[in-house]
1. Looking at segment 171-209, which of its residues are part of a helix (DSSP H, G or I), under 21 Å from the mean Cα position of the chain (by Cα) and farther than 12 Å from Val125 by Cβ?
2. Taking segment 215-235 as the search range and keeping residues that are modelled with pLDDT of 95 or more and of a type in the set (Ser, Thr, Tyr), which one is surrounded by the fewest Cβ atoms within 10 Å (Cβ to Cβ)?
3. Just give me the residues in segment 49-79 being among the β-branched types (Val, Ile, Thr) and closer than 22 Å to Asn166 by Cα, in sequence order.
4. Which one of these does Tyr107 not meet: (1) more than 10 Å from the ligand (Cβ to nearest atom); (2) under 24 Å from Ile3 (Cα atoms)?
5. hydroxyl-bearing (Ser, Thr, Tyr) and within 15 Å of the ligand (Cβ to nearest atom) - does that describe any residue in segment 1-14?
6. Answer yes if at least one residue in segment 63-73 is within 13 Å of the ligand (Cβ to nearest atom) and of a type in the set (Gly, Ala, Ser), and no otherwise.
7. Contact list please: Cβ distance under 7 Å, first residue in segment 78-106 and within 18 Å of Pro176 (Cα to Cα), second residue away from the ligand (no atom under 16 Å from the Cβ), pairs at least six apart or on different chains.
8. Is there a residue in segment 87-95 that is on the phi > 0 side of the Ramachandran plot, more than 10 Å from the ligand (Cβ to nearest atom) and more than 14 Å from the chain's Cα centre (by Cα)?
Amino acid sequence: MEISGKKALVFGGTSGIGLATVQQLSDLGAEVIAIGRNPEKMTDVPANTTVKKCDVLDREAIQALYAECGPFDILVSAATGGGRAVGPFAEMDMDGYQASFAKLWGYTNVVRFGLEHMPDTGAIVLVSGSPARNCNPGQIAISSVGGAVEAMVRGVAKEIKPKRINAMSPGLVDTPMWSAFQGEALEAHYKKLTQNNLIPRVGTPEEQAQGIIFLIQNDFVTGTVLDVDGGILLS
Ligand SMILES: NC(=O)c1ccc[n+]([C@@H]2O[C@H](COP(=O)([O-])OP(=O)(O)OC[C@H]3O[C@@H](n4cnc5c(N)ncnc54)[C@H](OP(=O)(O)O)[C@@H]3O)[C@@H](O)[C@H]2O)c1
């Protein structure tokens, strides 16, 4: 797909990986709509970009947004959806585990209701995560959510052809998702989780966005997962 002149919606586009994707889509000449629950957090808005408020868990709000903004060619969701449960399975808070699936429900909502607003040439990209296929101890919740996202992408791709849908899978990435850590604690966290990777450092949102842009541009790719993870799956 030639991105210039196309219309793109990016859920979770106000922060981190989604924000970097909004910037790169804008640089490539797309008309972009960046979406999150708190649009005011996006203080530096790229060219040809508008910011909208919508919760990916609110189906009525999503449909109203689509009625207002459709049709569109590109649909990206990097919205985390809500909280994430971490810790050993045997000690798992089961409400927290269930709540982690807000990410999956947010993705299913935006794809389910977005399809009818996209042409056959349209492209969808979701964001999973390396624990989907390499679950370290303590990551069972995000692993099972990520696995479900990737299974959904493979299944939906067969039904929506010739529209395309893919997932980009990050490793550890320096974004506000890790804002519970600050300063030296954040550096130590990143080092601990990346020092044994083939590329032993934390990733940047821009590197992740490059993967998403590839999945939008390459019309021969659908139903798959692109790993942009510093080799974490082999670590
Ligand atoms: N960073 C990493 O190391 C890493 C690793 C693996 C996978 N991932 C995945 O990558 C994706 C992007 O993460 P990130 O690191 O870029 O996180 P981030 O910086 O925290 O950004 C998350 C974005 O999602 C939006 N969002 C969250 N819940 C939402 C909801 N219910 N409705 C609408 N928007 C919502 C946030 O805005 P509001 O809160 O204002 O709504 C924000 O724009 C996520 O799916 C995450 O699981 C990240």
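The values are calculated or read from the model by the stated rules, or taken from the named source; none is laboratory data. This one's a predicted model, so the numbers in the text were calculated from it and none came from an experiment. Don't worry about glycine lacking a Cβ; one is built from the backbone with ideal geometry, like all the others, and counts go over all protein chains shown.
1. Looking only at segment 171-209, we keep the residues that are part of a helix (DSSP H, G or I), and these are 176-178, 183-194, 205-209.
Checking the rest, the ones that are also under 21 Å from the mean Cα position of the chain (by Cα) come to 176-178, 190, 193-194, 205-209.
If the condition is that a residue be part of a helix (DSSP H, G or I), under 21 Å from the mean Cα position of the chain (by Cα) and farther than 12 Å from Val125 by Cβ, then Pro176, Met177, Trp178, Tyr190, Leu193, Thr194, Pro205, Glu206, Glu207 are the ones that fit.
2. Among those residues, the one meeting the criterion is Thr224.
3. Correct list: Val56, Ile62, Ile74, Val76.
4. Among (1) more than 10 Å from the ligand (Cβ to nearest atom); (2) under 24 Å from Ile3 (Cα atoms), the lone unmet condition for Tyr107 is (1).
5. yes
6. Checked against the condition, which is being within 13 Å of the ligand (Cβ to nearest atom) and of a type in the set (Gly, Ala, Ser), segment 63-73 yields no hits at all.
7. Ala85/Met92; Ala85/Asp93
8. Within segment 87-95 (the criterion being on the phi > 0 side of the Ramachandran plot, more than 10 Å from the ligand (Cβ to nearest atom) and more than 14 Å from the chain's Cα centre (by Cα)), the answer is yes, since at least one residue qualifies.
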